[in-house]
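Novice: Attaching a single structure in structure tokens format; questions to follow.
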Amino acid sequence: MSTGLKILTAHLEDPELHTLAGYERHGGYGALRKTLREGLTPEKVQEEVKAANLRGRGGAGFPAGIKWGFLPKNTDKPIYLCINADEGEPGTFKDRLIMERNPHALIEGCLIACHAIKAKVCYIYIRGELLKCIKHVERAIEEARAKGLIGKNILGSGLDCEIHVHPGAGAYICGEEMSLIESLEGKPGQPRNKPPFPASVGLFNCPTIVNNVETIAYVPWIIQNSGQAFADLGSEKNGGLKIWGVSGHVKRPGLWELPMGITARQLIEDYAGGMRGPKKMKGYIPGGSSCPPLLGTEIDIPLDFENMKKAGTMLGTGCLTVFEEGVCTVRFAQRIAHFYEHESCGQCTPCREGTGWLYRNIKKLEHGEQLDGGLDLLESICNRIMGNTICALGDAAAMPIQGFLRRFGDEWAAHLGAGRCPIQG
């Protein structure tokens with residue numbers, strides 16, 4: 001299905017791509033100049049992004065152009081753009097590639113997006129452990145400012161825009177937009193109740209748009225080549241290309257920029273080289289640890305938001321974790337449950353207590369201890385968490401466990417019946 005076209009990864013072989021000179025050598029900031037010199041209005045930019053069918057690349061998949069349209073039409077408050085670069089979803093490692101190797105694509109996208117939503121300030125919230133990303137993005141901002149691409153009266157157009165990097169402290173919960181906003185304000189990273197939504201009451205109680213790194217980095221190409229051209233690269237309702245990741249038991253773990261709608265079989269076999277050894281694929285998680293797993297036989301489903309939903313899972317971040325026969329899914333799920341227990345901010349009782357309860361009982365199952373209530377207890381805990389928390393972390397903890405129970409229930413039942421792992425002893 002590959003078109004052969006690359007956008008964000010087209011010139012990664014250039015060791016200077018992360019610099020302003022390297023980026024401009026490949027046409028960088030041409031879309032910003034087009035926007036400002038041809039007088040593309042904010043409304044026109046928003047129309048192109050809507051036409052592109054650019055879905056959010058952070059996990060939820062909400063259309064970016066539609067999200068921008070939620071901002072109040074007339075407001076005397078400042079509008080902010082926040083970039084979610086707090087890439088903390090286990091199994092996901094795509095945004096750091098952009099920030100390390102092609103940071104000016106993100107900066108140019110931020111400037112065009114700020115013009116589109118009439119924001120004068122943008123904050124890029126980067127996970128604190130991503131030190132190289134922070135260094136390269138900060139340097140890119142300095143280079144762009146020195147050339148008059150950031151600051152007052154950009155390129156003589158009258159556009160004013162500042163961009164700031166804000167390092168996070170490594171809390172997974174700050175990948176949730178309201179927690180990110182709270183952290184930016186200097187508060188503990190805990191989500192706010194919604195509504196109101198950030199588009200009306202966000203950063204400093206002002207209208208705010210929160211977008212993912214990859215989402216915004218595609219905006220310059222869309223403006224340079226048209227929204228329809230981007231839409232045509234993907235599948236229905238899922239425009240353009242995407243940076244896909246594959247990790248786990250494959251021969252060539254890595255990242256590839258390919259169209260939306262490619263199948264898992266194509267991605268795993270044609271690009272990741274297939275399974276690493278003679279064992280068959282047992283299953284895969286399609287988009288980060290919060291997504292329910294699919295069986296190894298379910299690899300011909302197109303990887304887009306609608307088809308993943310029909311299959312009973314989510315596309316999420318589009319970074320697949322592949323596991324082979326012989327893997328104990330109870331042990332796998334235990335590690336996932338432990339992560340979410342550790343990362344819960346503790347604000348909501350169902351999440352604070354439920355994630356720990358879930359982890360402890362899966363651990364009991366894994367170690368052959370008596371599990372009062374059996375597998376029904378695990379399902380019950382998941383149901384008590386789901387939909388009862390302020391943010392989606394509780395759902396993210398429960399959904400993969402429900403998915404493992406649904407697709408590998410016989411193995412879990414055998415685990416329970418034998419009082420030990422029937423696979424690994």
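The values are calculated or read from the model by the stated rules, or taken from the named source; none is laboratory data. Since the model is a prediction, treat every value here as computed from it, not as a measurement. Cβ placement follows ideal geometry from the backbone for every residue including glycine, while neighbour counts extend to all protein chains displayed.
Novice: Among the residues of the stretch 233-242, is there at least one that is in contact with a strand residue (DSSP E or B) (Cβ under 7 Å, 6 or more places away or on another chain), over 30 Å from Met275 (Cα atoms) and not in a strand (DSSP E or B)?
Specialist: No: the stretch 233-242 contains no residue that is in contact with a strand residue (DSSP E or B) (Cβ under 7 Å, 6 or more places away or on another chain), over 30 Å from Met275 (Cα atoms) and not in a strand (DSSP E or B).
A quick yes/no check of all residues on (1) assigned to a helix (DSSP H, G or I); (2) under 20 Å from the mean Cα position of the chain (by Cα):
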site	(1), (2)
Ile173	yes, yes
Met178	yes, yes
Ser183	yes, yes
Pro196	no, no
Ser200	no, no
Ile209	no, yes
Ile216	yes, yes
Pro220	yes, yes
Gln228	yes, no
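Novice: Can you tell me which of Ser235, Ser183 is farther than 24 Å from Gly88 by Cα, among the polar types (S, T, N, Q) and in contact (Cβ under 8 Å) with a residue 40 or more places away in the chain?
Specialist: Ser235
Novice: Of the conditions (1) in contact (Cβ under 8 Å) with a residue 60 or more places away in the chain; (2) surrounded by fewer than 22 Cβ atoms within 10 Å (Cβ to Cβ), Lys363 clears all except one; give me its number.
Specialist: Of the numbered conditions (1) in contact (Cβ under 8 Å) with a residue 60 or more places away in the chain; (2) surrounded by fewer than 22 Cβ atoms within 10 Å (Cβ to Cβ), the odd one out for Lys363 is (1).
Novice: Now for a different question. Of everything in the stretch 370-389, what is among the charged types (D, E, K, R) and buried (at least 16 other Cβ atoms within 10 Å of the Cβ)? Give them in sequence order.
Specialist: Matches in the stretch 370-389: Glu379, Arg384.
Novice: Working only within the stretch 110-130, note down all residues that are surrounded by fewer than 22 Cβ atoms within 10 Å (Cβ to Cβ), in contact with a helix residue (DSSP H, G or I) (Cβ under 9 Å, 6 or more places away or on another chain) and assigned to a loop (DSSP other than H, G, I, E, B).
Specialist: Lys118, Lys120, Gly128
Novice: Every residue in the stretch 228-273 that is crowded, with 24+ Cβ neighbours inside 10 Å and of a type in the set (Asp, Glu), please.
Specialist: Once the filter is applied, which keeps residues that are crowded, with 24+ Cβ neighbours inside 10 Å and of a type in the set (Asp, Glu), the stretch 228-273 yields nothing.
Novice: Going through the stretch 65-105 one residue at a time, which ones are in a helix (DSSP H, G or I) and out of contact with any Phe, Trp or Tyr (no Cβ under 9 Å at 6 or more places or on another chain)?
Specialist: Gly65, Ile66, Lys67, Trp68, Asp95, Arg96, Leu97, Ile98, Met99, Glu100, Arg101
Novice: Another question about this same structure. Only one of these is closer than 22 Å to Gly296 by Cβ and either assigned to a loop (DSSP other than H, G, I, E, B) or touching a strand residue (DSSP E or B) at 6+ places or on another chain (Cβ under 6 Å) (or both): Phe323, Phe404, Phe332. Name it.
Specialist: Sole residue among the options that is closer than 22 Å to Gly296 by Cβ and either assigned to a loop (DSSP other than H, G, I, E, B) or touching a strand residue (DSSP E or B) at 6+ places or on another chain (Cβ under 6 Å) (or both): Phe323.
Novice: Take Gly354 and tell me if it is under 24 Å from Thr321 (Cβ atoms) and either outside the structural domain of Cys174 (by TED's automatic domain parsing) or assigned to a helix (DSSP H, G or I) (or both).
Specialist: yes
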